Amino acid sequence: MVDSRLVGPGDLFVGLRGAHADGGAFAPQALAAGAWGVLVAPEHADAARCARPGALLAAPDPLSALQALSRAWREALDARVVAVTGSTGKTSTKDILSVLLARDLRTVASRENLNTEIGLPLAVLEAPVGTEVLVLELAMRGQGQIAELAAIAEPDVGVIVNVGPVHLELLGTLEAIAAAKAELIAALPPGATAVVPAGEPLLEPHLRADVRTITFGPGGDVTLVRSQLNQALVGHAHERFALEPNFSSAHQLNNLLAAVAAARALGVRPEGRVDVRFSAMRGERIALPDGIVILNDCYNANPMSMAAALEELAAVTARRRVAVLGDMLELGADEHRFHVEVGAQAAAHGLDVLVTVGPRAAAIAEGFADRRPRPEHHAVADASEAAALVPDLLEPGDAVLIKGSRGVELERVAERLVESRGRPAVPR
């Protein structure tokens, strides 16, 4: 646990240095809250020693020590590890895969956003004795981060869901993004398995002869043979797997294929019901009392995930389809074009109402207006304005998609919608 306010009995508190505070200073409070021990820098050792009894671990760099602890625990568990990354859909793929594996193997998946140099070791350390498979998500903000995380996870299977225009502001080109994602392939030991999308030329230079490769998607090793309603027939080699997922959108079915490929790499034969509770704010459906359906997908956004979310909204049976779309961040020099293209996609899907949130998202209206004469469009400056506007725009039977980059904080809109209807929402 790295937040002293959340520490409880049985926790180890790790005091990390942050931009505004040094967590080690809160070691006495963590011990008072019941932590069995603390891991802090030496300068905080005396204060911790004088506090409530507990184990004291001191290290010059508590973060490096935390990562070393997680590597040691990963080895002690002797569990197989699947590491999942990608420009979009990695969290959903992790969620699906954990369900596929759990029938046959004692499976632990990383929670929510425990996917960074801090979160990943915490996710590993949360795995109990007897864990047979760890499914871990790896985040990528720049060059070298996936390699750092893979050194902690030591994966047996590496899954790259896709490569797309995310973090272009930092990395500059799609080729650089692919190379950063492919650090996962480079980290695999000989004989391990890489799961990659079929026909992705950006990843081809990074594939290895000493690592087994399973491709998924059209033309790949794992394909969607047939789907209808909540049934999906998935093919791999000469086998067929009849699955009944509780989702049907095209992008989630593609994530299902990636998950099936990873499951097959571990020797698991997936079949039957696939009831996935996706992580919060990632394609979460909420039904309100007056027939309004919220597609709460506001954890993050990029051109690929925007296109997938708009396609899912278009497939919803509703009186009207409304999209509340916020800024997509870190897209670099082409950010205006990417936003315009999202607007064109929204128009092509026949959306009835568009609300753009933020200065970059305003360009979405350009593509929307080009394809629809006099569409209903509202532009607001931020999430607070959107939260005040949207409840009055919606009518019974509407479906509303809420999506934008994390920094836009569009969850405020979803929260306000739930509050305005007078009773708790019902997740679907």
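Restricting the stretch 261-274 to residues that are surrounded by fewer than 19 Cβ atoms within 10 Å (Cβ to Cβ) and touching an Asp or Glu at 6+ places or on another chain (Cβ under 7 Å), the residue that is farthest from ASN230 (Cα to Cα) is GLY272. Residues in the stretch 348-362 that are surrounded by fewer than 21 Cβ atoms within 10 Å (Cβ to Cβ) and either closer than 16 Å to LYS403 by Cβ or not assigned by TED's automatic domain parsing to the domain that holds ALA315 (or both): HIS349, VAL353, ARG360, ALA362.
Each row is one residue, and each column tells you yes or no for (1) over 30 Å from LEU105 (Cβ atoms); (2) in contact with a strand residue (DSSP E or B) (Cβ under 9 Å, 6 or more places away or on another chain); (3) free of Cβ contacts under 8 Å to residues at least 12 places away in the same chain.
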| site | (1), (2), (3) |
| --- | --- |
| GLY10 | no, no, no |
| PHE26 | yes, yes, no |
| GLY37 | yes, yes, no |
| PRO53 | yes, no, no |
| LEU63 | yes, yes, no |
| THR91 | no, yes, no |
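Out of all the residues in the stretch 38-54, is one or more in the same structural domain as LEU97 (by TED's automatic domain parsing), assigned to a loop (DSSP other than H, G, I, E, B) and surrounded by fewer than 19 Cβ atoms within 10 Å (Cβ to Cβ)? Looking through the stretch 38-54, none of the residues is in the same structural domain as LEU97 (by TED's automatic domain parsing), assigned to a loop (DSSP other than H, G, I, E, B) and surrounded by fewer than 19 Cβ atoms within 10 Å (Cβ to Cβ). Hey, any hits in the stretch 144-155 for a residue that's in contact (Cβ under 8 Å) with a residue 60 or more places away in the chain, in a loop (DSSP other than H, G, I, E, B) and either surrounded by 23 or more Cβ atoms within 10 Å (Cβ to Cβ) or not hydrophobic (A, V, I, L, M, F, W, C) (or both)? Scanning the stretch 144-155 turns up at least one residue that is in contact (Cβ under 8 Å) with a residue 60 or more places away in the chain, in a loop (DSSP other than H, G, I, E, B) and either surrounded by 23 or more Cβ atoms within 10 Å (Cβ to Cβ) or not hydrophobic (A, V, I, L, M, F, W, C) (or both). Which of the residues spanning the stretch 203-249 are part of a helix (DSSP H, G or I) and surrounded by 14 or more Cβ atoms within 10 Å (Cβ to Cβ)? Residue satisfying the conditions is HIS206 alone. Taking the conditions exactly as written (crowded, with 20+ Cβ neighbours inside 10 Å, in the same structural domain as LEU184 (by TED's automatic domain parsing) and outside any loop (DSSP other than H, G, I, E, B)), does SER92 satisfy them or not? Here the answer is yes, as SER92 does meet what is asked. Does the stretch 252-260 contain any residue that is assigned to a loop (DSSP other than H, G, I, E, B) and buried (at least 18 other Cβ atoms within 10 Å of the Cβ)? Checking the stretch 252-260: not a single residue is assigned to a loop (DSSP other than H, G, I, E, B) and buried (at least 18 other Cβ atoms within 10 Å of the Cβ). With LEU184, LEU149, LEU138, LEU168 as the choices, which residue is at pLDDT below 95, within 20 Å of the chain's Cα centre (by Cα) and under 22 Å from THR91 (Cα atoms)? From the options LEU184, LEU149, LEU138, LEU168, the qualifying one is LEU168. Could you please let me know if SER384 is surrounded by fewer than 21 Cβ atoms within 10 Å (Cβ to Cβ), in the same structural domain as ARG337 (by TED's automatic domain parsing), in contact with a helix residue (DSSP H, G or I) (Cβ under 6 Å, 6 or more places away or on another chain) and of a type in the set (Gly, Ala, Ser)? The answer is no for SER384. Exactly one residue out of GLU395, GLU419, GLU415 is at pLDDT below 95 and either closer than 19 Å to LEU354 by Cβ or not assigned by TED's automatic domain parsing to the domain that holds GLU335 (or both), and it is GLU395.
The values are calculated or read from the model by the stated rules, or taken from the named source; none is laboratory data. Remember, it's a predicted structure, so these values are computed and weren't measured experimentally. Cβ sites come from the backbone with ideal geometry, for glycine too, and all protein chains shown count toward neighbours.
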